[in-house]
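Readers should treat all values here as calculations from the given coordinates under stated rules, not as data from a laboratory. In this text, all values refer to a predicted model and were calculated from it rather than measured experimentally. Cβ placement follows ideal geometry from the backbone for every residue including glycine, while neighbour counts extend to all protein chains displayed.
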């Protein structure tokens, strides 16, 4: 036990520093952890865009089914469909408002731009058919 303690104290007193191999090993571990943690976020934002698309399609179907206008708006990190408000975290979307008429057509053609970090996603809302395209 005393020998182990003496070796440990000698190592701590040594001014030699770390070897190059130790430094490379630590940097490899840090870069691996960073890569793994960042790879999760694009999937998260992509999933959120799929949810937005699904909600827009449901609003369109509801307008046809109920023969009524359904208003949709986007403000920063919120989406409003009729009277329902949805939070879009982590996405942030540009301001946009439109409605579906009783035939499921949108009031005007436009493009919805949403962003997460450096990634930008776009939905094209087409006049006439009213269907959503990515």
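Inter-label distance, residue 28 to residue 126: 5.1 nm, where each label sits 7 Å from its Cα along the C-beta direction. The simple Förster model, with R0 at 22 Å and r as the Cβ-Cβ distance, assigns residue 46 and residue 71 a FRET efficiency of 0.25.
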